[in-house]
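Undergrad: Take this structure, written in structure tokens, and hold onto it; I'll ask about it next.
Derivation of every value follows stated rules applied to the coordinates shown; laboratory data play no part. No experiment lies behind these values; they were computed from the predicted model shown. All Cβ positions, glycine included, derive from the backbone under ideal geometry; neighbour counts span all protein chains shown.
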Amino acid sequence: MPADDHRPLTLRDVSEASGVSEMTVSRVLRNRGDVSQATREKVLEAAKALGYVPNKIAGALASQRVNLVAVIIPSLRNMVFPEVMSGISRVLENTELQPVVGVTDYLPEKEERVLYEMLSWRPSGVIIAGLEHSEASEAMLKASGIPVVEIMDTDGDPIDCAVGISHRRAGREMARAILKQGYQKIGFMGTKMPLDHRARKRFEGFTTALAKEGVEIAEHEFYSGGSALKKGREMTKAMLEREPELDFLYYSNDMIAAGGLMHLLDAGIDIPGRVGLAGFNGVELLDGLPRQLATMDACRTEIGTRAAEIIAERVSNPAAEVERLIELTPTINYGDTLKRR
């Protein structure tokens, strides 16, 4: 980004954009003083359009920054993100920086609120999951004047820097591996869609690769709730009852895939001969299953590590040259549920 894009916005910027004095802008943003409703709305609209966030520590520190790194993730219940956090913490513990976590539950409007509150404390950097944000969130990130690293995904144009994997590529590679083993009637089950943009992109890559080989998804189900073994069991049972000829089941994550595996084992279905299955994320907690699940490692710890390294380097040396887009390469683990010829 050009250097000017990293200049923190001031009351003067909002004053010029709204056409009122800085004192009036200050009164509106602090909700103090006698200001007309029309003027108040004009100031608030200008501040939102600019991405301006009031500084709660103005004057308290000469640097106008605190040694905090805002880490904004969609979930703490999902086992993916604790591993990302471990990579971030491992790097930052050797610096003066401390991570502080905000959770969005995959909701754009909640991401706006979390980001607004965190930026108001003037952190030294932001690590935020995903490349898709609301206009207001994007404006705040661009106007923050601090290093921003978007993580988990590289299928898009980052605001500042990004570290992750291509989820469309991950979907394509899994589709090719499944087809190579001779599976043809394939079902897909996904959670948090369409709010989970990364799961959606994997599905897009998956179906595109199948289509190139003349294969269509035979059955699919999208579940709006979280990732759970029980839901994986239920969806798998229902899908096979609707389409008993399915010979492969692809899941958007390992947790629902593990539920599907438990159903297939209980039903006495031959795995991977009669039905194969695969998940995504490479969650180590599931290594103790009766069968090792086919999956794909999402490079979670490395993503956290590389993102934190960028923040630490940029905070230490604002003029430092860093990679703007770091795409890591996930690998397929065939386990016991995907045939290998």
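Undergrad: Looking only at the range 75-102, which residues are under 21 Å from Glu313 (Cβ atoms), among the charged types (D, E, K, R) and part of a loop (DSSP other than H, G, I, E, B)?
TA: Glu93, Glu96
Undergrad: Can you pull out every residue in the range 203-235 that is in contact with a strand residue (DSSP E or B) (Cβ under 9 Å, 6 or more places away or on another chain) and crowded, with 21+ Cβ neighbours inside 10 Å?
TA: Scanning the range 203-235 gives Phe203, Phe206, Leu210, Ser227, Gly232, Met235.
Undergrad: On to the next question. Is it the case that Val275 is touching a residue at least 40 places away in the same chain (Cβ under 8 Å) and touching an Asp or Glu at 6+ places or on another chain (Cβ under 7 Å)?
TA: Details: touching a residue at least 40 places away in the same chain (Cβ under 8 Å): no; touching an Asp or Glu at 6+ places or on another chain (Cβ under 7 Å): yes.
When the stated conditions are applied, Val275 does not pass them.
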